[in-house]
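Below you'll find the structure, written out as structure tokens, and then a few comments.
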Amino acid sequence: MEKYYRSVQTGVPTVPRDGIEDSLPIRWPIEEATFLAVSKRLVGFYAELEILLREYVEIFAKAVDPALLNEILDYQYARLVRWDGPPRKIWTFSWNLPEYFDRLMKLDPVPLEKRPQIMTIADARTFTDPKDFSKRGVWFARRGGKFFYDVTWTDAAPDVGA
């Protein structure tokens, strides 16, 4: 990002290929180049994001349940398409996050509730390598908004032992 912003200041914006050498050899927009670079180290990215979010919540939104924040990060991590496929197909949440985000994207919001749901990755697509991912998972996918795995979800039976 620093190299990109320096190039913008010179009047010749260029996106460096640092970290995305194994992607399609095209001129990537900065947001897609960043996505490609981040997608290679999602675990580390989400660890850093969690630190940032916890600091933000501590300052601005003290009423957010830390367990809810963990689940939101898990939800986003589960949905984000990656070149080697999803880390797993079945995810269980204590809150209705799959329904909440699904309905929010359809402009038909529902309240966020502590209601268990199970989410299943419906299209566990994988790619042959990072270059294939950059082509089919990012370059072609941006037209169809396919940066997230399609999912199905259902309410989970309450934990009897709780």
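Derivation of every value follows stated rules applied to the coordinates shown; laboratory data play no part. On a predicted model such as this, the values are computed, not experimentally measured, just so you know. Glycine gets a Cβ as well: all are built from the backbone with ideal geometry, and neighbour counts include every protein chain shown.
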Checklist entry - How much net charge surrounds Leu24 when only other residues with a Cβ under 9 Å from its Cβ are counted (Lys, Arg +1; Asp, Glu -1)? => result +2
Next on the checklist: Which lysines, if any, have their Cα less than 18 Å from the Cα of Lys106, not counting same-chain residues under 8 positions apart?
Outcome noted: Lys146
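Under a Cβ-only charge scheme (Lys and Arg +1, Asp and Glu -1), can you give me the dipole magnitude of the chain about the Cα centre, in debye to the nearest 20?
The dipole of the chain has a size of about 620 debye.
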Checklist entry - How big is the Cα convex hull of the chain in projection, averaged over all directions, in nm²? => result 11.9
Checklist entry - How large is ³J(HN,Hα) for each residue in segment 80-90, as worked out from phi by the Karplus curve 6.51 cos²θ - 1.76 cosθ + 1.60 (θ = phi - 60°), to whole Hz, x for Gly and Pro? => result 5, 5, 9, 5, 9, x, x, x, 6, 8, 10
Item to check | Cβ-derived FRET efficiency at R0 30 Å, Thr92 paired with Lys62, nearest 0.05 | outcome: 0.65
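How charged is the neighbourhood of Asp102? Take every other residue with its Cβ under 12 Å from the Cβ of Asp102, and add Lys/Arg as +1 and Asp/Glu as -1.
Neighbourhood net charge equals 0.
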Checklist outcome for this item: Counting as exposed only trypsin sites (Lys or Arg not before Pro) in DSSP loop states with no more than 13 other Cβ atoms inside 10 Å, the longest exposed-site-free span of the chain is 115-162
Next on the checklist: Can you tell me the length gained on complete extension of the stretch Arg142 to Phe45, counting 0.36 nm per residue apart and subtracting the Cα distance?
Outcome noted: 32.8 nm
Item to check | Helical segments meeting 15 Å axial Cα length and Kyte-Doolittle 0.0 threshold in the chain (DSSP H) | outcome: 42-60
Checklist entry - How much net charge surrounds Ala78 when only the other residues with a Cβ under 11 Å from the Cβ of Ala78 are counted, with Lys and Arg +1 and Asp and Glu -1? => result +2
